[in-house]
Amino acid sequence: MLDLEPIKARLAAATSGPWQARALGRCWVVDGPCADQRDADFIAHAPEDIAALVAKVEELLEAIFDAAYAVKGVRDEQEDGDTWNELESLYHEIKAYYEEQKYGRQ
């Protein structure tokens, strides 16, 4: 399970920026207003935090798609006028968004 609290705490503790990356010889440094240990913690955790957030977004997109597909299945079983047409339209919107996000296509 994704624990958002540490991510939110690091985000809240980091300075608001703007930050800039610059080369210092063969290394890169990040400059910002009052860059300190809190900013360093935020930057150091960024790869794992972003990976966890992306995985959660993908999981939620899949759950939304599954729910939309289930709604479409119900619609196929019971035609009930405008409400079902609206739900079917929503299904197609969600499906298109999901496929664009998951597969990079429309």
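Every read-out reported here was derived from the displayed coordinates using simple, explicitly stated rules and does not represent laboratory data. Since the model is a prediction, treat every value here as computed from it, not as a measurement. For neighbour counting, all protein chains shown are included, and Cβ atoms are generated from backbone atoms with ideal geometry for every residue, glycine included.
Miscellaneous remarks
- Ordering Arg26, Arg38 from the fewest to the most neighbouring beta carbons within 10 Å gives Arg26, Arg38.
- Model label points for Asp3 and Lys95, set 7 angstrom from Cα along the Cα-to-Cβ axis, are 4.0 nm apart.
- Percentage of interatomic Cα-Cα distances in the range 4-103 larger than 17 Å: 66
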